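Visitor: Once you've had a glance at the structure underneath, I'll fire off some questions.
The values are calculated or read from the model by the stated rules, or taken from the named source; none is laboratory data. Being a predicted model, the structure only gives us computed values, none of them experimental. Here the Cβ positions follow ideal geometry from the backbone for every residue, glycine too, while neighbour counts run over all protein chains shown. Protein only, heavy atoms only, side chains kept; ligands, DNA and RNA dropped before computing areas. Shrake-Rupley method; radii C 1.70, N 1.55, O 1.52, S 1.80 Å.
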Amino acid sequence: MRYREPICFITLSIAAWLCLSVSGEPGASAFSYGTEAGKNDACLACHGDPAQVSKAVFIDTEHFNQTTHARIGCEACHGKVPAAHPDGGKVSRAGCGECHADVDQEYATGLHVKKTSCNGCHNPHLVHSPKEVSGQEINAMCSNCHNALEMTAKHGEWLPQSELHLRMLPCITCHTGAKEYYISMYIVKSKNDSLFGKQEVAGYGELKRISGGNEIVSLIDKNRDNYVSLEELRLFNRSQSSLRLHGMMTPVAVSHKFEILDDRRNCTFCHTSGPALMQTSFIAVPEADGSYSRVPVEKGAVLDALYGTPDFYMMGSTKNNALNKIGLAIICGGLIMPVGHGFVRFLTRKNRNTKEHKS
Amino acid sequence: MSENSSEKNRIYLQPWPVRIWHWINACGIIALIVTGAQIRFPESVALLPNYKSAIDIHNVTGLVVSISFSFWFFYYKMVKNTLDKLYIPDEEDLKHGLVRQLLYYCFWYFLGRPSPYHATPDHKFNPMQKSAYLAVMFVLMPLVGLTGILLLNVTPLRVLVLMWGGIKFIVALHFLLACSLLAFLCTHVYLATLGNYIKPMLVGWEDVEEHEEKPVAAPAAIPGYRPVRHYPEYEVMQHEQRQG
């Protein structure tokens, strides 16, 4: 009994250590790489103020604080800040490959490596994980270098309705060798609430206002179980007049090779009815910090549920089965005459032969 | 038409612009049906080597058929000025002609009686043909063409697409209209085998048989029967009435 207290103390210590280890997985919101996060404030005191630093080294504090990079802290990348900083000496900068070695190696084998480094597309102080961006944001990155008009013309050499394709798809859907895809849906809103207005990705503030201050997802997820059923999706499409959902086919794992793959020129890669690629889907809901959170949607041919969307339709993929049956009935109606009349015609052929002989 | 005896029994029924238009239309519509089926059902229809070729052929053929349709309309309306007369059923057609033609197809034909209608260049179609072609040429064809043009230009014509109810509605309409055209095509081809319709559409001329020139006695046994204009019996009746 006299060892009871030390045994309890040791057991509790081990349990607490285990709990902390499990909850502290990298990427979890509560995770901290140590004490560096606390030191961000010292850096951002100057670098977060546009009046004190040049544009090149200014960091948007609000956005930066939401990134995974903020969690690992400034010194994780800029380890050797000279004592004389800011008056003298260069601040060291870690290469992206030091943490993202696999991406770095893959990128080195791709087409872009000769054109730009990681920074060319990703601002390390604003970077979000692929889960936190909408499809259109991915394309915005590409359009920094690839002029949209030029790309439309270039794709138009072989791709029907190239402008429509480029507007509705993230570039990486075709230009990565991903094997698994999901449908990423995001909420769009007509410009000036006009039915014919151009549809743009609805922002956080606007959606918050429309939802009456509630969580944005409650516009779609009526029972607020953080899971959208196909029925809830249909209901949203029918009930909303100004908001719509657009679906984008997005790779699950984004590769950085940016290949030109011939099999993606096979239209049936996307344009077939309910392929396995289109069974998993999420709704990208905007967050206050400018990122997006994913709300899972019931598995199934989700694009078929978007009936209320006036300008979303995927030829060959999102067809209505009830309509197919009506079409078949119409064609069968057209066959009544040849089949029915032809049959009686065959049975009564003697009548006509007799008359012909008489005449 | 010549007056000499050798051509006396032939009538020039289908002028060459109409024949060219008809066969462009025929080949075009078949190509559109085949490619359209592949576009809508890529997982089960693969008559063309790939989806893109189906889309390309569908788009080009659709445009060719639309343009040839416009020429057809222009030719009959502006050049021949007979569009209304040929395609819009008149009062007599509606009152009696339709029923008579229907009776012919449903009963008289099987009994071996001759067709109550004989085509002339100004009245090429029997009342049933007129009604069917009116629906096909003035409703189905223009609508299927217009919806096709909208789907071909979704981005530039976005406002028009939305005014029509959106892509999904236009696709549904385009599909149902196409099914209706296919249904019509089945009936059209079958009915062409009933009479002497295919040869004039190939060469333009129709051979008129001798007995058709002779007055045909009105089938008095049919209750409510009354001969109408364009039918051989009508002339007999007019003649008898004049004679008192």
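Visitor: Name the residues in the stretch A:254-269 that are within 15 Å of A:TRP158 (Cβ to Cβ), crowded, with 19+ Cβ neighbours inside 10 Å and more than 10 Å from chain B (Cβ to nearest Cβ), would you?
Guide: none
Visitor: Shifting gears a bit: Being more than 30 Å from A:HIS165 (Cα to Cα) and assigned to a loop (DSSP other than H, G, I, E, B) is the requirement here; does A:ASP49 meet it?
Guide: Working: more than 30 Å from A:HIS165 (Cα to Cα): yes; assigned to a loop (DSSP other than H, G, I, E, B): yes.
Yes; evaluated as a whole, the condition is true for this residue.
Visitor: Something else: Among B:PHE107, B:PHE138, which is surrounded by fewer than 17 Cβ atoms within 10 Å (Cβ to Cβ) and without any contact (Cβ under 8 Å) to a residue 24 or more places away in the chain?
Guide: Values: B:PHE138 fails: without any contact (Cβ under 8 Å) to a residue 24 or more places away in the chain.
B:PHE107 is the lone residue from the list that is surrounded by fewer than 17 Cβ atoms within 10 Å (Cβ to Cβ) and without any contact (Cβ under 8 Å) to a residue 24 or more places away in the chain.
Visitor: Then there's this: Condition first: loosely packed, with under 13 Cβ neighbours inside 10 Å, under 16 Å from A:HIS175 (Cα atoms) and more than 12 Å from chain B (Cβ to nearest Cβ). Now tell me which residues in the stretch A:144-159 satisfy that. Don't jump to the end; show me each part of the working.
Guide: Kept after step one, since they are loosely packed, with under 13 Cβ neighbours inside 10 Å, are these residues of the stretch A:144-159: A:144-145, A:147, A:149-150, A:153, A:157-158.
Among the residues that remain, those that are also under 16 Å from A:HIS175 (Cα atoms) are: A:145, A:158.
A:CYS145, the sole residue that qualifies.
Visitor: Given the condition away from chain B (no Cβ under 14 Å), open to solvent by 70 Å² or more (accessible area, probe 1.4 Å), in a loop (DSSP other than H, G, I, E, B) and under 30 Å from A:PHE258 (Cα atoms), answer yes or no: does some residue in the stretch A:224-232 qualify? Explain how you work it out, then say what you get.
Guide: Step one: list which residues in the stretch A:224-232 are away from chain B (no Cβ under 14 Å), which gives A:224-232.
Among the residues that remain, those that are also open to solvent by 70 Å² or more (accessible area, probe 1.4 Å) are: A:224-227, A:231.
Filter once more, so that each one left must be in a loop (DSSP other than H, G, I, E, B): A:224-227.
Right, trim to under 30 Å from A:PHE258 (Cα atoms) and you get none.
Within the stretch A:224-232, not a single residue is away from chain B (no Cβ under 14 Å), open to solvent by 70 Å² or more (accessible area, probe 1.4 Å), in a loop (DSSP other than H, G, I, E, B) and under 30 Å from A:PHE258 (Cα atoms).
Visitor: For the stretch A:121-158, which positions are in a helix (DSSP H, G or I) and modelled with pLDDT of 85 or more?
Guide: In the first step, residues of the stretch A:121-158 are kept if they are in a helix (DSSP H, G or I); the result is A:130-132, A:135-142, A:148-156.
Listed by number, the residues that qualify are A:CYS142, A:ALA148, A:LEU149, A:GLU150, A:MET151, A:THR152, A:ALA153, A:LYS154, A:HIS155, A:GLY156.
Visitor: So B:GLY165 ticks every box in (1) within 8 Å of chain A (Cβ to nearest Cβ); (2) over 25 Å from B:ALA26 (Cβ atoms); (3) buried (at least 17 other Cβ atoms within 10 Å of the Cβ) but one. Which box is left unticked?
Guide: It is condition (3) that B:GLY165 fails.
Visitor: For the stretch B:37-67, give me the residue count where each residue is in a helix (DSSP H, G or I), open to solvent by less than 60 Å² (accessible area, probe 1.4 Å) and within 24 Å of A:GLU157 (Cβ to Cβ). Outline the logic, then answer.
Guide: First pass over the stretch B:37-67, keeping only residues in a helix (DSSP H, G or I): B:37-40, B:51-67.
So of that shortlist, the ones also open to solvent by less than 60 Å² (accessible area, probe 1.4 Å) come out as B:37-40, B:51-56, B:58-59, B:61-62, B:65-66.
Within this subset, residues satisfying the condition of being within 24 Å of A:GLU157 (Cβ to Cβ) are B:38-39, B:51-56, B:58-59, B:61-62.
The number of residues fulfilling the criteria is 12.
Visitor: Just one of the numbered conditions (1) more than 14 Å from chain A (Cβ to nearest Cβ); (2) surrounded by 21 or more Cβ atoms within 10 Å (Cβ to Cβ) is not true of B:SER70; which one?
Guide: Condition not satisfied by B:SER70: (2).
Visitor: Condition test on B:GLY148, is it open to solvent by less than 70 Å² (accessible area, probe 1.4 Å), at pLDDT 85 or above and more than 11 Å from chain A (Cβ to nearest Cβ)? Before you say what the answer is, go through the steps one by one.
Guide: Numbers: open to solvent by less than 70 Å² (accessible area, probe 1.4 Å): yes; at pLDDT 85 or above: yes; more than 11 Å from chain A (Cβ to nearest Cβ): yes.
Spelling it out, B:GLY148 is indeed open to solvent by less than 70 Å² (accessible area, probe 1.4 Å), at pLDDT 85 or above and more than 11 Å from chain A (Cβ to nearest Cβ).
Visitor: Return the residue satisfying two criteria in turn: it lies in the stretch A:59-80 and is in contact with an Asp or Glu (Cβ under 7 Å, 6 or more places away or on another chain) and outside any helix (DSSP H, G or I), and of such residues it is most open to solvent (accessible area, probe 1.4 Å).
Guide: Only one residue tops the list, namely A:GLN66.
Visitor: Here's a follow-up. So, in the stretch A:290-323, exactly how many residues are open to solvent by 30 Å² or more (accessible area, probe 1.4 Å), within 21 Å of A:VAL133 (Cβ to Cβ) and either modelled with pLDDT under 75 or assigned to a loop (DSSP other than H, G, I, E, B) (or both)?
Guide: Here the count works out to 1.
Visitor: Out of the stretch A:270-282, which residues are at pLDDT below 80 and open to solvent by 40 Å² or more (accessible area, probe 1.4 Å)? Outline the logic, then answer.
Guide: The initial filter retains those residues of the stretch A:270-282 that are at pLDDT below 80, namely A:272-279.
Result: A:SER273, A:ALA276, A:GLN279.
Visitor: Let me ask another. Being open to solvent by less than 60 Å² (accessible area, probe 1.4 Å), free of Cβ contacts under 8 Å to residues at least 24 places away in the same chain and of a type in the set (Gly, Ala, Ser) narrows it down to one residue among A:SER184, A:SER129, A:SER162; which is it?
Guide: Details: A:SER184 fails: free of Cβ contacts under 8 Å to residues at least 24 places away in the same chain; A:SER129 fails: free of Cβ contacts under 8 Å to residues at least 24 places away in the same chain.
Exactly one residue qualifies, and that residue is A:SER162.
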